[in-house]
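To start, the structure under review is shown below, and the notes come after it.
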Amino acid sequence: MISACGQQFTLALDTQNGRLTAVIAQVGAGLRSLKLGDTEFVESCEPDEIAPYCAGIVMSPWVNRLDGGKWTYKGQVLEVPITIHDQQNANHGLLEFAEYRLIDRVDTALESSVTLAATIQPRRGYPFLVETTVKYALSAAGLTVTHGAENKSEDAAPYAVGGHPYLRVSGTPTEELTLKAPAASVIDVNERQIPIGRSSVEGTRFDLRHGQRVGDNFFDHNFGDLERESDGMAHTYLTAPNGGQVDVWQDAAFKYVVIFTPDFYPTRNGKVWAAAIEPQTSAANSFNSGEDLIWLEQGQQWSASWGIKVRQPQA
């Protein structure tokens, strides 16, 4: 069978709460499955399936929309291919279909991990050589995803990164889950989903700080000004009525989270509600706005992490 996702890497770890497993795809370094015992916490897909709606991939060197596929560098307008034609935008960077290389594999009683690498080669629209890595590691605390980047170019390179997992708690329809996010602001966008400002969520349907049922609202929005714990982490939760839970945490480098809750997510059993929770270092179009855009100096190495903690439903 020809696999649309390339080689698959299966991680497994025995924890006090049961066997924790994850499946990572070579193509796009995509997260394809995350299970604790018999409970699935990711919208999984088969090896011969192209991940729908960018499920699980790494977004880099930009996240979400790049306006018209254009940005200006040293006074020159650079262009990358349009990937969302009805919006005339370039979406989610250059690595969606990259075949990542295996760099390292660890399987011990305390950790099961895989580290993959992909090179962003210079091109007319992004004239920089950037080596990227992503490490998926299972531990007793759950799944930790660590992104790395090193600029091999002579000049500083603009850079952003994000994850794109679709989460669930198997056994409960996703529309019945409660979504809780720590964002104090939402990014305002135009009809092409290009940011035009920022608004407080206070008193609006975008206020997720106290939790909302997924099926009560449709979101395809970027949230900022994340409230953080004393350790600098921000947490977004999906919780089932039976106690099952997904906790998506992100460190201080991931300043934004995108929430996408389509009721048209395609599966082999038909369309369902889904809930993407996407930690990102910048908002959309940061190559043009410059807001929270990372500039990697020549030879600079950078890394940051987000992750997923899971809790099984109560018996």
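Here ILE84, ILE57, ILE24 are screened, and the one residue that is β-branched (Val, Ile, Thr) and more than 19 Å from VAL248 (Cβ to Cβ) is ILE84. Scanning the stretch 82-93 for residues that are in contact (Cβ under 8 Å) with a residue 24 or more places away in the chain and out of contact with any Ser or Thr (no Cβ under 7 Å at 6 or more places or on another chain), we see that the one that is surrounded by the most Cβ atoms within 10 Å (Cβ to Cβ) is HIS92. Of all the listed residues (GLN250, GLN212, GLN245), the sole one being out of contact with any helix residue (DSSP H, G or I) (no Cβ under 8 Å at 6 or more places or on another chain) and under 18 Å from TRP62 (Cα atoms) is GLN250. If you check ASN288, ASN222 for being under 16 Å from the mean Cα position of the chain (by Cα), within 20 Å of ASP67 (Cα to Cα) and modelled with pLDDT of 95 or more, only one passes: ASN222. With respect to the conditions (1) in a loop (DSSP other than H, G, I, E, B); (2) of a type outside the set (Gly, Ala, Ser); (3) surrounded by fewer than 20 Cβ atoms within 10 Å (Cβ to Cβ); (4) over 18 Å from the mean Cα position of the chain (by Cα), PHE97 falls short on a single one, namely (4).
So is THR267 more than 14 Å from the chain's Cα centre (by Cα) and touching a residue at least 12 places away in the same chain (Cβ under 8 Å) or not?
yes
In the stretch 130-148, the residues that are among the β-branched types (Val, Ile, Thr) form Cβ pairs under 7 Å with partners that are surrounded by fewer than 21 Cβ atoms within 10 Å (Cβ to Cβ) and not in a strand (DSSP E or B), at six or more places apart or across chains, as follows: VAL130/LYS152.
Listed conditions (1) assigned to a strand (DSSP E or B); (2) surrounded by 14 or more Cβ atoms within 10 Å (Cβ to Cβ) are all met by PHE206, apart from (1). Within the stretch 133-182, the set of residues being under 18 Å from GLN245 (Cα atoms), more than 15 Å from the chain's Cα centre (by Cα) and part of a strand (DSSP E or B) comprises LEU138, SER139, GLY142, VAL169, THR172, THR178, LEU179, LYS180. Can you name every residue in the stretch 235-285 that is of a type in the set (S, T, N, Q), modelled with pLDDT of 95 or more and under 15 Å from PRO173 (Cβ atoms)? Across the stretch 235-285, the qualifying residues are THR239, ASN242, THR261. The numbered conditions (1) assigned to a loop (DSSP other than H, G, I, E, B); (2) within 22 Å of ARG311 (Cβ to Cβ) are all true for PHE218 except (2).
Taking the stretch 28-61 as the search range and keeping residues that are polar (S, T, N, Q) and touching a residue at least 24 places away in the same chain (Cβ under 8 Å), which one is surrounded by the fewest Cβ atoms within 10 Å (Cβ to Cβ)?
Among them, the one singled out is THR39.
Applying the set (1) in contact (Cβ under 8 Å) with a residue 60 or more places away in the chain; (2) under 21 Å from TYR166 (Cβ atoms); (3) buried (at least 19 other Cβ atoms within 10 Å of the Cβ) to GLN250 leaves exactly one unmet item: (1).
The values are calculated or read from the model by the stated rules, or taken from the named source; none is laboratory data. These numbers come from a predicted model, not from an experiment. All Cβ positions, even for glycine, are placed from backbone atoms using ideal geometry, and neighbour counts span all protein chains on display.
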